[in-house]
Amino acid sequence: MDISPIYRQYYALLLRHAYKMLGSYNDAEDMVQEVFARYDRLEEQDVRHEKAYLVRMVTNRCLNFIKSARKKREVYTGIWLPEPLVTAYSSSQEPGHRLERQEETTYAMLIMLQELSGMERAVFLLKETLGYSYPDIAEATGKSEANCRKIFSRAKAKLAECRREPVLRAPNADAIVKAFMHASETGNKEALLELLASDVVVKSDGGGKVRTAIFPILGKERVAALMCGIVPRGFLADGHMLVLVNGSPGVVIVKDGAAVTVLSFHLTADSRRIESIYMIKNPDKLQHVTIPDAMLS
């Protein structure tokens, strides 16, 4: 059968779902391509509901992948962080842009999802982002409705134990990020301290391929000292620019025309200070980062 219309209709949805499940854009792409390759070999009469069938296939493949991925992460060098999705910065408030952002998941939330088991993640995403009913979730996961309800409650409880749920486009985020980068670039430690929450944390992912701190850096004094120490040693490379990282203001640092670091920020509830900073430096996780057509700072 000709799956071209089905591919065009559901590819983006399936890719978003797989990315949220896995935290890896590369693996999500591979997963969705495999699903469509298998779907292409099916007889048309074997599929009653295309979307439900495809979502179930992607979900189950992701669950199998997560089991093997957990073993790899046990021997991963340093902190494992998800692959960031970087797009050109836009301050537009047009309805279309708002709708697009509503479908995104913040980078901080993506990290929180990785703390759930594979099944908890699947049930949570099917319910919260795809709007599935419990009967539909049960069919997609092979669990009973009652079990799905318990799994969803457990997932919600675990997420509630984490830091406050991130807001996609927090008020004043753009200004805070710009001020942070300016203070770092100029070595203004006092300005940095004003921008950081007292319990701010920096997590870096180099994957053993790029030198980074293998443990989180905690507290605003240590974080300010870190930035004032690494910037003079070439941390900002050829320059940096404001971008959107998973829908929220962030920074990409460029060297020789390629991204070498992506910074993502999570602000406090009042959007006045930075609560978390994520530094993604593992080159394998920056392959999909294209440099927007913008002036480097």
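Would it be correct to say that Val231 is in contact (Cβ under 8 Å) with a residue 40 or more places away in the chain and either within 20 Å of Cys162 (Cβ to Cβ) or within 16 Å of the chain's Cα centre (by Cα) (or both)?
Numbers: in contact (Cβ under 8 Å) with a residue 40 or more places away in the chain: yes; either within 20 Å of Cys162 (Cβ to Cβ) or within 16 Å of the chain's Cα centre (by Cα) (or both): no.
Spelling it out, it is not the case that Val231 is in contact (Cβ under 8 Å) with a residue 40 or more places away in the chain and either within 20 Å of Cys162 (Cβ to Cβ) or within 16 Å of the chain's Cα centre (by Cα) (or both).
With a cut-off of at least 1 residues that are crowded, with 19+ Cβ neighbours inside 10 Å, at pLDDT 90 or above and touching a His at 6+ places or on another chain (Cβ under 9 Å), name the helices (runs of 4 or more DSSP H) lying wholly within region 1-93.
Values: elements: 4-22, 25-39, 50-74.
The helices (runs of 4 or more DSSP H) meeting that bar are 25-39, 50-74.
Quick check: is even one residue across region 239-259 at pLDDT 95 or above and on the phi > 0 side of the Ramachandran plot?
Checked against the condition, which is being at pLDDT 95 or above and on the phi > 0 side of the Ramachandran plot, region 239-259 yields no hits at all.
Regarding Thr268, is this residue out of contact with any Ser or Thr (no Cβ under 9 Å at 6 or more places or on another chain) and not charged (D, E, K, R)?
Yes; evaluated as a whole, the condition is true for this residue.
Would you point out the residue of region 104-136, among those that are among the aliphatic types (A, V, I, L, M), modelled with pLDDT under 95 and in a helix (DSSP H, G or I), that is surrounded by the fewest Cβ atoms within 10 Å (Cβ to Cβ)?
It comes out as Met112.
Consider Tyr10 against the criteria (1) under 22 Å from Lys72 (Cβ atoms); (2) in contact with a Leu (Cβ under 7 Å, 6 or more places away or on another chain): it satisfies all of them except one. Which criterion is unmet?
Answer for Tyr10: the failing condition is (1).
Could you say whether any residue in region 31-51 is within 18 Å of the chain's Cα centre (by Cα) and in the same structural domain as Ala122 (by TED's automatic domain parsing)?
yes
Inside region 218-229, can you point out the residues that are surrounded by 14 or more Cβ atoms within 10 Å (Cβ to Cβ) and farther than 15 Å from Ser198 by Cβ?
Answer for region 218-229, where residues must be surrounded by 14 or more Cβ atoms within 10 Å (Cβ to Cβ) and farther than 15 Å from Ser198 by Cβ: Leu226, Met227, Cys228.
The values are calculated or read from the model by the stated rules, or taken from the named source; none is laboratory data. As the structure is a prediction and not an experimental result, all values here were calculated from the model. Reconstructed Cβ throughout: ideal geometry from the backbone, glycine too, with neighbour counts over all protein chains shown.
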